[in-house]
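Computed from the coordinates by the stated procedures, all read-outs in this text should not be read as laboratory data. Remember, predicted model here, so these are calculated numbers, not experimental data. Heads up, the Cβs are rebuilt from the backbone with ideal geometry, glycines too, and the neighbour counts pull from every protein chain shown.
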Amino acid sequence: MYVIGISSGLKAGHHDGAAVLMQDGVIIAASEEERFTLGKHARGDLPKGAIKYCLREAGISIQDVSFICSPLKTYPNYAQRVAEWVAFNFGHSPKVELYDHHMCHAASTYYSSGFDEATVVCLDNSGDNSSGVILHAKGTQQTVLKRFARENSLGLYYGMMTQYLGYQMTNDEYKVMGLASYGEPTYLEEFSKILRPDGLDFHFNQSFDKRIVDKALYTTDFSTRQERIFTTGLEDVLGPRRLPNAPLEERHRNIAASLQKQLEVVEIEIVESAIAQTGCPDVCIAGGVGLNCKANMEILLNPAVRRLYVPPVPHDAGVALGAAMLKLVEEGFPIEKMDHAYWGPSYTADEIKFRLNQIGADYQDLNDPTEACVKDLGKGYKVGWFQGRMEYGPRALGNRSIIADPSDEGAKERINSSIKYREEFRPFCPSILYEHQDDYFDAGFDAPFMVVTLPAKSTARKAAPAVVHVDDTARIQSVRADTNAPFHALISAFHKAGGPPMLLNTSLNINEQPTVNAPLEALHTFFCSGLDVLYLENFRLAKPGK
Ligand SMILES: [Fe+2]
């Protein structure tokens with residue numbers, strides 16, 4: 001049975017649309033819509049390009065699909081509208097089934113984890129009139145322990161503070177998380193007035209939510225993400241907000257550190273209380289707050305937690321996966337554990353060659369790019385590495401990556417300033433050989449998806465200063481030969497040539513653009529950035545003199 005799960009919706013506030021095709025309990029293809037529209041987060045778009053890709057990957061037509069599954073169960077006439085949209089774009093619509101947004105988040109993490117039982121923690125901005133859910137999952141049974149009201153939202157809290165600090169809500173939260181490491185949590189007393197823990201519950205002070213206080217202004221809908229959502233009362237507590245692009249002061253860094261710390265305090269209390277109720281120390285995380293890899297580390301290190309699983313798509317691109325899984329579980333199919341995130345498009349040598357010749361590029365056609373790439377890395381070059389199927393989720397995991405020597409201390413500054421064109425404080429992550437992970441990082445966590453930060457050992461700081469954050473942590477990817485053989489071989493060859501058993505790895509894109517999907521976008525990124533070399537499968541392109 002073929003089932004397609006979709007996420008996002010018809011309103012401007014919806015984001016991270018995606019489509020996932022599953023056959024029985026197995027994922028066949030999955031991708032975010034932004035990879036096809038080339039607009040980051042594909043706001044307000046249903047995933048037309050992603051569905052088209054999924055069908056092409058499987059070599060099937062829409063007639064072969066039994067169900068289209070989606071969240072947004074509470075939206076009026078939504079099933080009918082999706083069915084009409086699918087029929088309009090594809091000529092036919094399978095039956096549409098709707099599920100609760102947070103049950104989709106929960107399914108996406110629990111069934112991907114391979115755990116037989118779990119405490120499932122979904123903390124989000126909002127969806128289907130709530131902001132998250134806590135469950136006890138066992139076999140195919142899911143018991144809801146707690147559901148949070150839409151207005152009482154940790155995602156909203158973090159988004160509001162992102163706005164207060166001069167960044168874009170529902171876009172730049174990860175910048176605030178990066179900034180937090182540069183400050184001290186000196187504002188905890190103030191933050192206790194904004195957000196406070198309460199066992200399995202928490203209380204976000206709604207007197208700071210302008211949309212609730214100023215109801216008369218929002219008679220037809222909530223605000224757009226570009227409007228201010230916090231009241232001036234927040235500035236009475238914390239002082240004046242930071243204007244976008246204003247200099248970053250110590251006060252801003254300390255506020256970032258404090259708001260992050262307060263989030264962690266609340267999350268830990270929720271996790272501990274949930275485990276006390278379920279009796280199950282294995283935790284699965286989802287919801288947009290699940291992208292907070294620093295909070296995930298605090299959960300991992302908590303003594304009440306035995307095992308932690310965070311999927312590569314804890315955010316809204318993952319509800320497409322969860323919706324498909326819920327349907328297939330209903331139909332009696334066992335769901336296969338997700339070992340890797342390489343479910344997106346790949347491109348043949350002929351397709352790439354066609355593009356290269358079309359733009360008149362100078363290139364070499366190599367038998368195996370590994371050796372040449374190691375030489376380039378050894379010269380300090382910053383390399384675009386485009387291989388195989390694209391990653392599902394926001395992290396580049398070695399198939400659409402920019403890579404560099406992590407022992408090169410200047411790499412971070414150079415990549416931020418002349419390749420990604422972004423803030424100087426933004427950290428980079430290591431992709432490390434699975435076999436060597438424990439030599440450099442603590443906690444022994446199997447980390448295929450770069451969603452959890454781990455404490456770095458002194459060996460990591462010494463061998464790979466470019467990928468250890470200012471707070472002595474790193475958001476690592478452990479690379480295994482059985483899930484990404486070419487990337488594992490590349491890092492192994494780099495290590496054999498005298499480098500540490502890891503590479504600096506960041507997504508192949510320019511700031512504010514989605515990660516590159518197709519060869520044409522890779523070429524655009526290469527020629528419009530300070531990248532030295534680009535490998536498109538076995539084809540090597542280099543800037544003059546390199
Ligand atoms: Fe969500």
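So if a site counts as exposed when it's one of the GluC sites (Glu not before Pro), its DSSP state isn't H, G, I, E or B, and it has at most 11 other Cβ atoms within 10 Å, what's the longest stretch of the chain without one?
1-248
How much length, in nm to one decimal, is gained on full extension between Leu38 and Ser458, taken as 0.36 nm per residue of separation minus their Cα-Cα distance?
Between Leu38 and Ser458, full extension yields 147.2 nm more.
Output the relative contact order of the chain, whole-number percent, from Cα pairs under 8 angstrom with separation of 6+ residues.
Answer for the chain is 16 percent.
I need the shape label for the stretch 249-391. Rule: rounded when a/c is under 1.5, else prolate if a/b > b/c, else oblate, with a, b, c from the alpha carbon gyration tensor.
The shape class here is oblate.
What is the ratio of the Cα radius of gyration of the chain to 2.2 N^0.38 Å, with N the residue count, to two decimals?
Against the compact-globule rule of thumb, the ratio is 0.94.
Take each complete run of DSSP H in the chain, measure how far its Cα atoms stretch along the helix's own axis, and keep only those covering 20 Å or more with mean Kyte-Doolittle hydropathy at least 0.5; list them.
Answer set is 317-330.
Based on DSSP H runs of at least 4 residues, each adding -39500 (n - 2.57), what is the mean residue ellipticity at 222 nm of the chain after dividing by all its residues, to the nearest 500 deg cm²/dmol?
One gets -10000 deg cm²/dmol as the mean residue ellipticity at 222 nm.
Quote the charge dipole size of the stretch 2-98 about the Cα centre in Debye, to the nearest 20; the model charges only the Cβ of Lys and Arg (+1) and of Asp and Glu (-1).
260
Placing +1 at every Lys and Arg Cβ and -1 at every Asp and Glu Cβ, with all other atoms neutral, what dipole size does the chain have around its Cα centre, in debye to the nearest 20?
Details: 54 positive and 68 negative charges, 186 e Å.
Its charge dipole is roughly 900 debye.
Please report Leu504, Leu433, Leu366 as a ranked list, fewest other C-beta atoms within 10 angstrom at the top and most at the bottom.
Ordered by Cβ neighbours within 10 Å, fewest first: Leu366, Leu433, Leu504.
Calculate how large, on average over all directions, the projected area of the Cα convex hull of the stretch 115-311 is; give the answer in nm² to one decimal.
Spelled out: convex hull of the Cα atoms, projected over all directions, averaged, 11.0 nm².
Give the shape of the stretch 349-542 as rounded, prolate or oblate, defined through the alpha-carbon gyration tensor: a ≥ b ≥ c are the square roots of its eigenvalues, a/c under 1.5 means rounded, and otherwise the shape is prolate if a/b is larger than b/c and oblate if not. Don't jump to the answer; show the numbers that get you there.
Values: a/c = 1.74, a/b = 1.50, b/c = 1.16.
Prolate shape, in that a/c is at least 1.5 and a/b is the bigger ratio.
Taking only the Cα atoms of the stretch 2-98, how large is their convex hull per residue, in Å³?
With only Cα atoms used, the stretch 2-98 gives 83 Å³ per residue.
Per Stokes-Einstein, at 37 °C and 0.692 mPa s, what whole-number D in µm² s⁻¹ belongs to the stretch 369-435, with the Kirkwood radius over Cα pairs as the hydrodynamic radius? Working shown, then result.
Numbers: Rh = 13.1 Å.
The diffusion coefficient I find is 252 µm²/s.
Can you tell me how the stretch 254-320 classifies by the Cα gyration tensor, rounded, prolate or oblate, using a/c under 1.5 as the rounded cut? The partial results should precede the final answer.
On the way: a/c = 1.98, a/b = 1.06, b/c = 1.86.
Note, shape of the stretch 254-320 comes out oblate.
Along the three principal axes, how long is the stretch 48-104 when you take its alpha carbons, biggest first, rounded to the nearest angstrom?
33, 22, 19
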